[in-house]
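Visitor: Quick one: structure below, then a few questions.
The values are calculated or read from the model by the stated rules, or taken from the named source; none is laboratory data. Keep in mind it's a predicted model, so treat the numbers as computed, not measured. Here the Cβ is made from the backbone with ideal geometry for all residues, glycine too, and neighbour counts use every protein chain on show.
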């Protein structure tokens, strides 16, 4: 079978995808948009962005992180395959071959210099037991590309004082997200990512504003046994605005989890989350800040992997387990619709996928959100598409006489990556048209040529 397509509004030719070559050219498809592009378009720009797996800004072409090898203590920056693309993990594999490596710093991708060095480094002094993360604890695949996570064990923590480099302070509103692991966690204090104290002391309620992902039960909890998406606001980890159980905050069971926290600094905060591989965000809590936390008193440091008063010289060690694949902190209180688009982008990035998948497409993108491929084992025509928001979608197959011979999608489809399948085994050879409409407006027509 041979497939081709034409796009009405984008003037793009789609060709058959029998097999996908994974490399720089395919990697570049993911450059528009990235999470920080989406946040910026929503009026809440990223002020810190960190990842070991991909660029979070479509123009970013710098290093993601640095590794140091044990054999000679030399270091190597690990970058991306192309601007806005995935990590070049092969460089790490080559550099660390025959020895062990640790991750010394996770670089900020916003240009503000909010790089996260491990506590215990020359840049950020730490307790006598503080150590950097092992660079090869977890290897994963993201849209056909190999990558490594920042795998946090007890005694590991990263930190930066961002109070003068763009981080919100005091009662200024902010939002943040991270993609983390629903299988690597514990109940220790405290696996956090977000805003923390500049002096690394517990300075009182409201001096932190960080996502917590754990099964800790010292304060409030969610439903079940955990882990939960919660907020570390200092002097408490909250699943809502008090320390009782929030039955609307579920135990996370996915391998990859999207966790979101936002706080307007004076009256309310919200917790949201989702499976990072599929589906839409759910809101677990949206309401008043805890009593005594109005207004917030954020100091603008960034913590990653531990609480606000862990790992400092003379202080206690980090007790938490956790994982960071990617995350960002933004100035302002993001709209739900903006975060929904970020979630669709995360799903489209393809965590855990062994082959490349379609990127999330913005309205301004010149690329089509539809792509056709052939499943040779089943003789199915598969149309992949990505939605930034929930839409009513219809997709139908027509013959050359204009007769509809198959309806493969018809209904309201949530944000995320989707596939529509046409079983063409019993269809005669010839030319067919696949037409897709969103919210009643035709968006795409693709030509399908079946040769038998």
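Visitor: Is there a residue being touching a helix residue (DSSP H, G or I) at 6+ places or on another chain (Cβ under 6 Å) and either surrounded by fewer than 24 Cβ atoms within 10 Å (Cβ to Cβ) or closer than 15 Å to residue 206 by Cβ (or both) anywhere in segment 303-321?
Guide: Looking only at segment 303-321, we keep the residues that are touching a helix residue (DSSP H, G or I) at 6+ places or on another chain (Cβ under 6 Å), and these are none.
Taking every residue of segment 303-321 in turn, none turns out to be touching a helix residue (DSSP H, G or I) at 6+ places or on another chain (Cβ under 6 Å) and either surrounded by fewer than 24 Cβ atoms within 10 Å (Cβ to Cβ) or closer than 15 Å to residue 206 by Cβ (or both).
Visitor: Against the definition (buried (at least 19 other Cβ atoms within 10 Å of the Cβ), under 18 Å from the mean Cα position of the chain (by Cα) and either modelled with pLDDT under 90 or not in a helix (DSSP H, G or I) (or both)), how does residue 358 come out, yes or no? Write out each step before concluding.
Guide: Numbers: buried (at least 19 other Cβ atoms within 10 Å of the Cβ): yes; under 18 Å from the mean Cα position of the chain (by Cα): yes; either modelled with pLDDT under 90 or not in a helix (DSSP H, G or I) (or both): yes.
So residue 358 fits the description; yes.
Visitor: For segment 49-63, which positions are more than 14 Å from the chain's Cα centre (by Cα) and surrounded by 24 or more Cβ atoms within 10 Å (Cβ to Cβ)?
Guide: Listed by number, the list holds a single entry, 60.
Visitor: Next question. Inside segment 82-101, can you point out the residues that are at pLDDT 95 or above and either surrounded by fewer than 23 Cβ atoms within 10 Å (Cβ to Cβ) or not assigned by TED's automatic domain parsing to the domain that holds residue 67 (or both)?
Guide: 88, 89, 90, 91, 93, 94, 95, 96, 97, 98, 99, 100
Visitor: Then there's this: Just for segment 232-253: of the residues that are surrounded by fewer than 16 Cβ atoms within 10 Å (Cβ to Cβ) and under 26 Å from the mean Cα position of the chain (by Cα), which one is modelled with the lowest pLDDT?
Guide: 253
Visitor: Let me ask something else. When you scan segment 282-302, do you find a residue that is buried (at least 24 other Cβ atoms within 10 Å of the Cβ) and under 22 Å from residue 251 (Cα atoms), even just one?
Guide: No: segment 282-302 contains no residue that is buried (at least 24 other Cβ atoms within 10 Å of the Cβ) and under 22 Å from residue 251 (Cα atoms).
Visitor: Condition first: touching a helix residue (DSSP H, G or I) at 6+ places or on another chain (Cβ under 6 Å) and under 30 Å from residue 173 (Cβ atoms). Can you find one or more residues in segment 27-35 that meet it? Give the derivation first.
Guide: To start, the set of residues in segment 27-35 that are touching a helix residue (DSSP H, G or I) at 6+ places or on another chain (Cβ under 6 Å) comprises 35.
Pick out the ones that are also under 30 Å from residue 173 (Cβ atoms) and you get 35.
Yes, the conditions are met somewhere in segment 27-35.
Visitor: Residues to consider are 342, 257, 347; find the one that is modelled with pLDDT under 95, crowded, with 24+ Cβ neighbours inside 10 Å and either within 17 Å of residue 195 (Cα to Cα) or touching a strand residue (DSSP E or B) at 6+ places or on another chain (Cβ under 9 Å) (or both). I'd like the intermediate steps shown before the answer.
Guide: Details: 342 fails: modelled with pLDDT under 95; 257 fails: modelled with pLDDT under 95.
347 is the lone residue from the list that is modelled with pLDDT under 95, crowded, with 24+ Cβ neighbours inside 10 Å and either within 17 Å of residue 195 (Cα to Cα) or touching a strand residue (DSSP E or B) at 6+ places or on another chain (Cβ under 9 Å) (or both).
Visitor: Let me ask something else about it. Within the set of pairs 6+ apart or on separate chains, which have a first residue in segment 246-262 that is in contact (Cβ under 8 Å) with a residue 40 or more places away in the chain and assigned by TED's automatic domain parsing to the domain that holds residue 217, a second that is assigned to a loop (DSSP other than H, G, I, E, B) and surrounded by 23 or more Cβ atoms within 10 Å (Cβ to Cβ), and C-beta atoms under 6 Å apart?
Guide: The qualifying pairs are 252/227; 256/276; 257/276; 258/276; 262/334.
Visitor: What do you reckon, is residue 8 assigned to a loop (DSSP other than H, G, I, E, B) and either at pLDDT 50 or above or in the same structural domain as residue 150 (by TED's automatic domain parsing) (or both)? Steps first, please.
Guide: Values: assigned to a loop (DSSP other than H, G, I, E, B): yes; either at pLDDT 50 or above or in the same structural domain as residue 150 (by TED's automatic domain parsing) (or both): no.
No, not satisfied.
Visitor: So for segment 417-431 (the condition being surrounded by 15 or more Cβ atoms within 10 Å (Cβ to Cβ), in contact with a helix residue (DSSP H, G or I) (Cβ under 7 Å, 6 or more places away or on another chain) and touching a residue at least 60 places away in the same chain (Cβ under 8 Å)), does at least one residue qualify? Please lay out each step first, then the result.
Guide: Pass one, segment 417-431, residues surrounded by 15 or more Cβ atoms within 10 Å (Cβ to Cβ): 417-420, 422, 424, 427.
Next, only the ones that are in contact with a helix residue (DSSP H, G or I) (Cβ under 7 Å, 6 or more places away or on another chain) stay: 417.
Next cut, touching a residue at least 60 places away in the same chain (Cβ under 8 Å) only: 417.
Looking through segment 417-431, at least one residue is surrounded by 15 or more Cβ atoms within 10 Å (Cβ to Cβ), in contact with a helix residue (DSSP H, G or I) (Cβ under 7 Å, 6 or more places away or on another chain) and touching a residue at least 60 places away in the same chain (Cβ under 8 Å).
Visitor: Still on this model: Take residues that are buried (at least 18 other Cβ atoms within 10 Å of the Cβ) and tell me which of the strands (runs of 3 or more DSSP E) falling wholly in segment 134-230 contain 3 or more.
Guide: On the way: elements: 139-142, 145-148, 150-152, 158-161, 174-181, 192-196, 209-214.
Fully inside segment 134-230 and qualifying: 145-148, 150-152, 158-161, 174-181, 192-196, 209-214.
Visitor: Is it fair to say residue 262 is within 18 Å of residue 191 (Cα to Cα), at pLDDT 95 or above and either surrounded by fewer than 24 Cβ atoms within 10 Å (Cβ to Cβ) or out of contact with any strand residue (DSSP E or B) (no Cβ under 7 Å at 6 or more places or on another chain) (or both)? Break it down stepwise before answering.
Guide: On the way: within 18 Å of residue 191 (Cα to Cα): yes; at pLDDT 95 or above: yes; either surrounded by fewer than 24 Cβ atoms within 10 Å (Cβ to Cβ) or out of contact with any strand residue (DSSP E or B) (no Cβ under 7 Å at 6 or more places or on another chain) (or both): no.
In short, no.
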